[in-house]
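First up is the structure itself, then whatever we jot down about it.
The values are calculated or read from the model by the stated rules, or taken from the named source; none is laboratory data. The model shown is predicted, which means the values in this text are computed figures rather than measured ones. Glycine also receives a Cβ, built like all others from the backbone with ideal geometry; neighbour counts cover every protein chain displayed.
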Amino acid sequence: MARLLMPLPALDFDPTEVAVTWQVLRARGHAFTFATPDGAPAEADEIMLTGQGLDPWGRIAALRRLVVVGRILRADRAARDAYAALCAEPAFCAPVGWADIDPDAYDGLVLPGGHRARGMRAYLESEVLQAVVAAFFAAGKPVAAICHGVLLAARSRRADGKSVLYGRLTTALTWMLERSAWGIARRTRFWDPDYYRTYVEAPGQPPGFMSVQAEVTRALARPSDFRDVPMREHQRARKTGGMARDTFTDDRPAFVMRDGAYVSARWPGDAHTFAKIFAEVLAEREGNADAG
């Protein structure tokens, strides 16, 4: 059994990336400690749970529960069920504070994401968390990052000043997926058009310059170290369309990268496969320890 740490923002984390990953790994017997800025329980992005607020009428109280676009973009039933179970998990309800994290106390690190700037920027910009991430990489411990969680890893620095992802292969939320969701929501959630963009471009910056993919790529040794679904992949349309999500028994929509003990994924639609591959990494580590 591995002791896993999952840092979270105070609010607006993605419920699928947190709950599904927790559920899959917890079922394999791994124990979780959650961490938040002040040790209070974290709150998921409620829009990703309910879908309310993603339709053009989303600000009208009488119509808010009528969900059309939001039904497509929100967490699916499996993820919502996993989140309900997570909310009853004692470890989730009693997190430690970020400042109290001791990397030596854990065997692995899981970095989930979320896109809403209101809550996610503090998580992504935390020097405390960046130091924690750097400590796990420096110790050679397994690390799993999905979506914006990869951005937190990319901002974490080694002793030589380079990103902990420098020299590694990784994926993350692609500009294609980020732009697609942003394009829908800025029309349907017109009063908050940048809901799907944690960071937006400044005047003079090219489109996508502040996207997750672009910033992560700038932290790598080579642009080609950022990986996406290959053009000749026969499931490419399913994997890149942003509509199909994986399940525990169907990994066809997913795209997950593994580089040694580091595992990365793009978005909530990869979550089951992401967690299962990280479970393989942990099992290998435990097997090697037993053999030693």
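Is it fair to say residue 91 is touching a helix residue (DSSP H, G or I) at 6+ places or on another chain (Cβ under 6 Å) and modelled with pLDDT of 95 or more?
For residue 91, the condition - touching a helix residue (DSSP H, G or I) at 6+ places or on another chain (Cβ under 6 Å) and modelled with pLDDT of 95 or more - is not met.
For segment 249-273, what are the residues that are in contact with a helix residue (DSSP H, G or I) (Cβ under 7 Å, 6 or more places away or on another chain) and either at pLDDT below 95 or buried (at least 20 other Cβ atoms within 10 Å of the Cβ) (or both)?
253, 254, 255, 256, 263, 264, 265, 266, 267, 268, 271, 272
How many residues are of a type outside the set (Gly, Ala, Ser), surrounded by fewer than 19 Cβ atoms within 10 Å (Cβ to Cβ) and under 15 Å from residue 141 (Cβ atoms) if we restrict to segment 282-292?
4
Counting only residues that are of a type in the set (A, V, I, L, M, F, W, C) and buried (at least 24 other Cβ atoms within 10 Å of the Cβ), which one in segment 137-151 is farthest from residue 258 (Cα to Cα)?
Residue satisfying both the conditions and the ranking: 151.
Quick check on this structure: which one of 131, 144, 154 is aliphatic (A, V, I, L, M) and without any contact (Cβ under 8 Å) to a residue 60 or more places away in the chain?
131
For residue 58, all conditions in the list (1) at pLDDT 95 or above; (2) over 20 Å from residue 267 (Cα atoms) hold save one; what is the number of the exception?
(1)
Yes or no: segment 238-257 includes at least one residue that is outside any helix (DSSP H, G or I), over 16 Å from residue 180 (Cα atoms), among the aliphatic types (A, V, I, L, M) and out of contact with any strand residue (DSSP E or B) (no Cβ under 8 Å at 6 or more places or on another chain).
no
Report, ordered by the first and then the second residue, all pairs with beta carbons closer than 7 Å, sequence separation of six or more or different chains, a first member in segment 167-187 that is buried (at least 17 other Cβ atoms within 10 Å of the Cβ), and a second member that is small (Gly, Ala, Ser) and in a helix (DSSP H, G or I).
Cβ pairs passing all conditions: 175/214.
Could you identify the single residue in 110, 69 that is more than 18 Å from the chain's Cα centre (by Cα), crowded, with 18+ Cβ neighbours inside 10 Å and of a type in the set (Val, Ile, Thr)?
Matching residue, one of 110, 69: 69.
Can you tell which of 19, 75, 44, 10 is touching a Ser or Thr at 6+ places or on another chain (Cβ under 7 Å) and crowded, with 23+ Cβ neighbours inside 10 Å?
Of 19, 75, 44, 10, the one residue that is touching a Ser or Thr at 6+ places or on another chain (Cβ under 7 Å) and crowded, with 23+ Cβ neighbours inside 10 Å is 75.
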